[in-house]
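So the structure is just underneath, and the comments pick up after that.
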Amino acid sequence: MAEIVLEGITKRYPDGAVAVRDVDLTVADGEFVILVGPSGCGKSTTLNMIAGLEDITEGTLRIGGQVVNDKAPKDRDIAMVFQSYALYPHMTVRENMGFALRLAKVDKAVIREKVEEAARILDLGDHLDRKPANLSGGQRQRVAMGRAIVRDPKAFLMDEPLSNLDAKLRVQMRTQISRLQQRLGTTTVYVTHDQTEAMTLGDRVVVMRGGLVQQVGTPQHLYDQ
Ligand code: ADP
Ligand code: ADP
């Protein structure tokens, strides 16, 4: 687990567009923070800079006390969950969830244990031998989360993980994500444009607009304003 600290983070794309402007934000160890705001406000760019998928133009990013501005994504010890589940179609749920660990040459018995533990947490225990094509959207999204969990990352970064799901599934998955957070207590930064997700999921909500942080507070605090 780890604290994530953004200090004066700015992103200027090569075409000159400033997507994120001088953002200061501290996500405490174990905290679940939501980045919310309209399309184009800079949420994904912020998340991608934390992940290391976009370079930081200005400012300092620390994960677990270490400056990681120049570290490759794989050296940041974080796991990203995207809205497109990007599961490998030819692999079973078990193989999908264990794949990163297999690449890292983790012991087979350990992989098995971690995958089965994650499947229990995510209610996927009965589906371990299925392929993605035979799963519902919600189940696929849970496999994508399972893939992140088994790596025991310092932090989870989630970019609109529920936006491909229908309304009913979104509600179910919100509950599942809350349970997951309570159980694992892993530092999480979660991007959404959905007000309901923002108000129900996070410990704290960061409202962005035009690349700036406009407001930061607990859901209750923001609701009361
Ligand atoms: P959000 O995730 O809140 O929808 P983004 O972080 O994707 O917002 O985008 C923030 C701003 O940066 C937008 O104005 C967008 O058009 C711009 N932007 C995003 N990616 C690029 C890019 N690769 N090159 C230039 N501008 C970009
Ligand atoms: P590789 O398998 O070589 O890491 P990928 O195509 O899977 O390549 O990933 C492209 C980039 O995104 C890589 O730099 C990788 O480290 C990063 N990346 C891939 N998956 C994740 C993830 N779950 N979390 C964070 N970064 C990731």
Do we find a residue being within 14 Å of ligand 2 (Cβ to nearest atom) and either over 21 Å from the mean Cα position of the chain (by Cα) or closer than 29 Å to VAL143 by Cα (or both) anywhere in the range 10-28? no
Taking first residues from the range 55-78 that are of a type in the set (Lys, Arg) and second residues anywhere that are in a loop (DSSP other than H, G, I, E, B), the pairs with Cβ under 6 Å that are 6 or more apart or on different chains are ARG76/GLY52; ARG76/VAL68
I'd like to verify a number: residues in the range 163-184 that are surrounded by 14 or more Cβ atoms within 10 Å (Cβ to Cβ) and basic (Lys, Arg), how many? 2
Any chance VAL93 is at pLDDT below 95 and of a type in the set (A, V, I, L, M): no
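Okay, residues lined up against (1) touching a His at 6+ places or on another chain (Cβ under 9 Å); (2) of a type in the set (Asp, Glu):
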site: ASP15; (1), (2): no, yes
site: THR26; (1), (2): no, no
site: GLU31; (1), (2): no, yes
site: SER39; (1), (2): yes, no
site: ILE56; (1), (2): no, no
site: PRO73; (1), (2): no, no
site: ALA86; (1), (2): no, no
Just for the range 122-149: of the residues that are out of contact with any strand residue (DSSP E or B) (no Cβ under 9 Å at 6 or more places or on another chain), in contact (Cβ under 8 Å) with a residue 24 or more places away in the chain and open to solvent by 40 Å² or more (accessible area, probe 1.4 Å), which one is nearest to THR175 (Cα to Cα)? ASP123
Would you be able to say whether some residue in the range 58-77 is part of a helix (DSSP H, G or I), closer than 26 Å to GLY146 by Cα, modelled with pLDDT of 95 or more and within 10 Å of ligand 2 (Cβ to nearest atom)? no
Give the range 29-52 a look and list any residue that's open to solvent by 30 Å² or more (accessible area, probe 1.4 Å) and within 16 Å of ligand 2 (Cβ to nearest atom), or say none. SER44, ASN48
Does at least one position in the range 123-135 carry a residue that is of a type in the set (A, V, I, L, M), assigned to a helix (DSSP H, G or I) and closer than 30 Å to GLY211 by Cβ? no
List the residue pairs whose Cβ atoms are under 8 Å apart, where the first residue sits in the range 156-171 and is within 16 Å of ligand 2 (Cβ to nearest atom), the second is open to solvent by less than 20 Å² (accessible area, probe 1.4 Å) and in a loop (DSSP other than H, G, I, E, B), and the two are 6 or more positions apart or on different chains. PHE156/THR186
Look through the range 185-225, keep the residues that are open to solvent by 20 Å² or more (accessible area, probe 1.4 Å) and of a type in the set (D, E, K, R), and return whichever of them is farthest from LYS11 (Cα to Cα). ASP224
Do you know which residues across the range 78-89 are over 18 Å from THR45 (Cβ atoms) and more than 7 Å from ligand 2 (Cβ to nearest atom)? TYR85, ALA86, LEU87, TYR88, PRO89
From the option list THR188, THR175, single residue qualifying as over 26 Å from ALA109 (Cα atoms) and either within 16 Å of ligand 2 (Cβ to nearest atom) or hydrophobic (A, V, I, L, M, F, W, C) (or both) is THR188
Hey, can you tell me all the residues within the range 85-121 that are part of a helix (DSSP H, G or I), open to solvent by 70 Å² or more (accessible area, probe 1.4 Å) and among the basic types (Lys, Arg)? ARG102, LYS108, ARG112, ARG120
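The values are calculated or read from the model by the stated rules, or taken from the named source; none is laboratory data. Quantities reported herein were computed from a predicted structural model and do not represent experimental measurements. Cβ atoms come from the backbone with ideal geometry, glycine included; neighbour counts cover every protein chain shown. Surface areas here come from the heavy atoms of the whole protein model, side chains and all, with no ligands, DNA or RNA. Shrake-Rupley method; radii C 1.70, N 1.55, O 1.52, S 1.80 Å.
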